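Peer 1: What follows is a structure written as structure tokens; I'll ask about it next.
What follows draws every value from the coordinates through simple rules; no lab data is involved. Keep in mind that this is a model prediction, so the values were computed, not measured. All Cβ positions, even for glycine, are placed from backbone atoms using ideal geometry, and neighbour counts span all protein chains on display.
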Amino acid sequence: MRIIQVCYKYPPIFSGYGKQLKTINKSIEQINKEINFKILTGKFEYKRKCVEQFEVISLGFKFLNKLSPVLHLYSFALMVFFRILFNSKNLDVVHCIKAGPEAAFAVLAGKIINKPIIVKIAQDEFSEVEKRKGNLVNKIVRKIRDNIILKADAYIAINSDIKSRLLSRGIDSNIIYSIPNGVDNNKFFKITLNEKEELKAKLQIPNKSTNIIYSGSISKRKGIFDLLAALESLESESQIHTMICGPMYENEECFYSLINKINNQQNNVSISYRGEVNNIEDYLRASDILVLPSYSEGLPNVLLEGSMTGLAMIATNIKGSSDIINHEINGLLFQPGDIDALKYNIKKLAENEEYCSMLGDEIYSKGKKKYEVSIVANEYIKLYHKLKKERV
């Protein structure tokens with residue numbers, strides 16, 4: 001079976017959804033050798049190249065990216081249209097990884113050549129927030145684009161809110177597939193206490209502290225400054241150390257100033273910024289608690305990865321995060337921006353090791369049943385075969 005995947009930002013270094021695509025594809029090809037992928041991207045080297053077992057083809061004009069990212073995106077979308085149109089004999093299914101303009105052009109091409117098109121809906125796509133963005137022209141263009149995308153043959157909803165959005169747009173529930181993101185269980189897994197002690201020594205993580213991990217960009221949307229505010233006013237009887245891992249996106253001076261201020265206080269709380277790391281799985285396994293105070297998510301990969309390592313987790317009560325965490329059953333939730341509630345939850349877990357361990361065990365059990373990559377990969381395999389069979 002020949003699958004064309006449309007992913008504007010690929011390889012994985014460019015996007016979380018690119019990283020997720022690679023993880024799922026590798027698992028699919030291990031399970032079913034007859035499925036072959038060709039990835040169309042606008043963010044790779046501007047030539048054809050093989051990356052591992054996937055053929056990656058870059059489309060769009062490089063000079064346009066410097067001139068105008070929007071023009072580059074639409075040039076990519078137009079070239080996707082022609083690539084699909086002129087390769088109809090060499091494909092069975094087209095899978096769009098986001099519902100951008102490239103998905104609209106893919107749907108148009110699919111209608112012309114009578115090939116099934118899948119569109120994966122991520123984060124704010126088709127939301128009221130998305131509708132209100134931009135000027136009048138942007139809104140008109142988005143409305144046209146969305147109306148075309150709503151003619152696709154199947155939709156992937158990674159969380160319950162996205163499924164509700166699609167249903168509210170009149171999409172038949174029979175063509176909406178609730179498939180979550182998947183986690184590579186060969187990379188993210190639980191370890192023994194002895195292995196954890198060794199890992200903490202290797203990563204220079206305090207051995208006697210309750211260790212908290214934040215993994216994500218340094219940006220207001222991710223809620224990192226809410227976490228710092230909570231830690232600044234937190235008073236704990238036990239030692240609490242927080243590791244922050246992720247790229248610096250904004251407010252660098254304020255970020256470092258807050259860390260220095262917290263580290264100079266006498267409240268048993270310390271912070272280390274590890275920057276952007278390439279071994280986040282090690283940091284997760286060496287930690288006790290994962291915190292994601294984000295304001296907006298699709299289905300956050302870091303919570304899925306945390307579940308597979310058996311971490312107790314604290315997150316904001318937003319769509320996506322609340323699909324993973326059930327409050328006080330397998331984790332703790334709080335309202336976005338509620339710093340006092342975040343502080344209370346951190347203190348609650350840091351001072352109750354047994355409760356912390358129980359939440360970690362519960363989320364691990366859910367992760368193994370639902371988010372292991374082979375389980376998710378099999379859902380995609382079934383969908384690809386179903387859509388191909390319906391067109392034969």
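Peer 1: Determine the distance separating the Cα centre of the range 263-310 from the Cα centre of the range 213-242; give it in Å without decimals.
Peer 2: 10
Peer 1: Still on this structure, I have one more. Give me the Debye-computed log₁₀ of I(q)/I(0) at q = 0.10 Å⁻¹ for the range 77-193, equal point scatterers on Cα only, no solvent, two decimals.
Peer 2: Reported log10 I(q)/I(0), two decimals: -0.36.
Peer 1: Still on this model: With both partners inside the chain, how many of the DSSP beta bridges are antiparallel, as a percent to the nearest 5? Walk me through the numbers before you get to the answer.
Peer 2: Details: 3 of 50 bridges.
Taking every DSSP beta bridge within the chain, about 5 percent pair in antiparallel fashion.
Peer 1: Against the 2.2 N^0.38 Å scaling, with N counting residues, where does the chain land? I'd like the Cα-based Rg ratio to two decimal places. Spell out each step's value before the answer.
Peer 2: Values: Rg = 22.0 Å, N = 392, 2.2 N^0.38 = 21.3 Å.
Compared with the compact-globule rule of thumb, the chain sits at 1.03.
Peer 1: For the range 193-370, list log₁₀ I(q)/I(0) at each q in 0.17 Å⁻¹, using the Debye formula over Cα point scatterers of equal strength and ignoring solvent, two decimals each.
Peer 2: -1.05
Peer 1: Mind telling me which of Ile289, Ile244, Ile381 comes out most flexible in a GNM of the chain, alpha-carbon contacts under 10 Å?
Peer 2: The residue that fluctuates most here is Ile381.
Peer 1: Here is a further query. Using only C-alpha positions, report the orientation-averaged shadow area of the convex hull of the range 290-392, nm², one decimal. Spell out each step's value before the answer.
Peer 2: Working: hull surface 28.1 nm².
Over all viewing directions, the range 290-392 projects a mean Cα-hull area of 7.0 nm².
Peer 1: Would you mind estimating how fast the range 297-340 diffuses translationally, via Stokes-Einstein at 25 °C and 0.890 mPa s with the Kirkwood radius over Cα pairs, in µm²/s? Could you put the intermediate results ahead of the total?
Peer 2: On the way: Rh = 10.5 Å.
Translational diffusion coefficient: 234 µm²/s.
Peer 1: Related question: Based on the mean of other Cβ atoms within 10 Å per residue, sort peptides 200-208, 163-171, 299-307 so the most packed one is first.
Peer 2: 299-307, 163-171, 200-208
Peer 1: Quick one: among Val119, Val277, Val376, which has the greatest mean-square fluctuation in a GNM of the chain with alpha-carbon springs under 10 angstrom?
Peer 2: It is Val277.
Peer 1: Right, next: Based solely on its DSSP helices, what 222 nm [θ] is calculated for the chain when runs of n ≥ 4 H residues each add -39,500 (n - 2.57) and the sum is averaged over all residues, nearest 500 deg cm²/dmol?
Peer 2: After summing the helix terms and dividing by residue count, I get -14000 deg cm²/dmol.
Peer 1: For the pairs Lys33/Lys111; Lys38/Lys62; Lys261/Lys348; Lys43/Lys382; Lys208/Lys319; Lys62/Lys89, flag any whose C-alpha to C-alpha distance is greater than 25 Å.
Peer 2: Listed pairs above 25 Å: Lys33/Lys111; Lys43/Lys382; Lys208/Lys319; Lys62/Lys89.
Peer 1: Among Tyr283, Ile324, Thr242, whose Cα projects farthest towards the positive end of the dipole of the range 193-370, with charges put on the beta-carbon of Lys, Arg (+1) and Asp, Glu (-1)?
Peer 2: Ranked along the dipole, the leading option is Ile324.
Peer 1: Also: What do you get for chymotrypsin sites (Phe, Trp or Tyr not before Pro) in the range 277-373 restricted to DSSP loop and a cutoff of at most 15 other Cβ within 10 Å of the site's Cβ?
Peer 2: Of the chymotrypsin sites (Phe, Trp or Tyr not before Pro), the ones in loops of the range 277-373 whose Cβ has at most 15 other Cβ atoms within 10 Å are Tyr295.
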